[in-house]
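Only the coordinates and a few stated rules stand behind these numbers; no lab work does. Small disclaimer: the values here were computed from a predicted structure and weren't measured. All Cβ positions, glycine included, derive from the backbone under ideal geometry; neighbour counts span all protein chains shown.
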Amino acid sequence: MAVYNYKAVAPDGRTVVGRIDALNIVDLELRLRRMELDLVSGEPVSNRNLFAAGGVPRREIIHFCFHLELLVRAGVPILEGLADLRDSLEHPRFREVVASLVESIEGGQKLSQAMASQNKVFNKVFVSLIRAGEATGRLPTVLQSLTESLKWEDELASQTKKLIMYPAFVGTIVLSATFFLMIYMVPQLKQFVKNMGQVLPMQTQILFFVSDLLVSYWYVALLLPIVFALGLRVLLYRNPLARIRFDAVKLRLPFIGDILRKIILSRFANTFALLYASGIPILESIRTTQDVVGNLIVRQGLERVEQLISEGQNVTAAFHSIGFFPPLVIRMLRVGESTGALDDALINVSYFYNRDVKESVEKVQQLIEPMLTVVLGCLLGWIMLSVLGPVYDVISKIKT
């Protein structure tokens with residue numbers, strides 16, 4: 001099946017441009033007609049762009065789950081509900097995905113099977129929950145839970161971005177200011193200081209040496225961080241051992257590591273509770289959560305938990321044995337397991353860590369600003385002292 005770029009006209013006269021899979025130009029026209037679009041032109045794409053975005057924004061999926069839940073709860077058949085949603089979507093990529101779901105269901109597949117074929121949009125957790133909702137007849141409830149979970153993930157992602165973007169922004173300003181001083185200001189003052197005939201102190205010699213290096217090899221200073229980042233990415237992608245060690249280092253970073261650990265625990269508890277509450281067995285729930293924690297160290301711990309439970313240990317003992325989960329999680333697991341309300345206990349854990357993550361991010365941001373200000377002040381102080389020190393010595397000798 002080839003990929004076609006198409007240009008079509010909607011019933012209201014709008015021009016619609018997008019990309020969709022089709023066997024040939026006739027199949028493309030039929031597929032667009034099902035989407036109530038009239039084909040104007042279509043051309044096959046010879047090669048997919050390696051860097052093309054294949055995903056869909058989380059907000060689009062949140063709206064999709066919310067509206068599909070309302071339609072299903074109102075008694076509208078799945079196929080008709082998806083067709084209505086397909087016609088109301090504005091995001092071209094997601095419109096194609098929903099159109100593919102409609103075609104797959106018309107071909108005899110279930111909703112979960114159709115979503116499984118769109119694994120770039122609907123992950124394993126999503127598909128597993130939809131499958132459980134279909135099996136238990138609780139699809140509206142599952143869709144409601146998915147909507148709330150996706151909203152929570154969106155908020156969590158926002159908190160994570162705050163943690164990363166603010167230090168990166170301020171750090172970039174500090175480095176840019178230092179680079180400007182070394183490249184532009186220091187060379188102008190260098191000749192003036194040398195003409196005084198003074199013996200330059202060590203810090204001044206070091207400053208001029210660093211400035212000369214940056215003036216001569218400024219492109220190396222700019223390219224080195226990019227090359228390092230790309231090299232690290234390739235190394236982590238191709239070397240599993242390096243990825244494990246890198247993930248371990250991230251969890252041990254001061255300030256940041258503790259927040260990352262809380263984010264992982266919050267995501268795990270929320271996903272595990274959602275899967276278990278939907279009727280998915282514990283072992284399958286743990287196996288599914290291994291794909292969402294985003295850390296190989298934690299993933300290995302969950303694999304060990306799965307193995308211990310399959311060997312006959314209870315849930316609390318299995319989680320306690322790997323040593324990653326703090327006493328709060330273990331205590332809540334014990335209470336949930338003994339009372340039969342494991343999903344409620346895990347939701348409480350997720351709520352606690354979600355609130356804790358917000359507070360920790362705010363505290364770190366309050367600490368980062370004065371710390372970076374101190375760093376910038378020290379750099380400026382070192383530059384000014386190194387340049388003005390010899391000038392002050394000459395002035396003091398003239399006075400005497």
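Some notes on this structure:
- Taking region 300-350 and dividing mean pair separation by its residue count, relative contact order in percent (alpha carbons under 8 Å, at least six apart): 27
- Checking the Cα-Cα distances for Lys161/Lys250; Lys120/Lys358; Lys120/Lys162; Lys162/Lys250; Lys262/Lys363 against a 19 Å cut-off, the pairs over it are Lys120/Lys358; Lys120/Lys162.
- Charge-dipole axis of the chain as Lys and Arg at +1 and Asp and Glu at -1 on Cβ define it, positive-most pick from Leu224, Ser310, Asn119: Leu224
- Placing +1 on the Cβ of every Lys and Arg and -1 on the Cβ of every Asp and Glu, with no other charges, gives region 155-400 a dipole of roughly 760 debye about its Cα centre.
- Neighbour net charge for Asn239 - beta-carbon separation under 15 angstrom, K R +1, D E -1: +3
- Two-decimal log10 I(q)/I(0) for region 2-45, as the Debye equation yields it once each C-alpha is a single scatterer, q = 0.18, 0.20, 0.25, 0.29 Å⁻¹: -0.40, -0.50, -0.77, -1.01
- Overall form of region 16-157 per C-alpha gyration tensor (a/c, 1.5; a/b vs b/c): prolate
- Kirkwood estimate for region 155-400, i.e. one over the average of 1/r between Cα atoms, Å: 22.3
- Length-normalised contact order of the chain in % [C-alpha pairs under 8 Å, at least 6 apart]: 14
- Ranking of Arg59, Arg299 by count of other Cβ atoms within 10 Å, fewest first: Arg59, Arg299
- Ratio Rg/Rh [Cα only; Rh per Kirkwood] for region 257-335: 0.92
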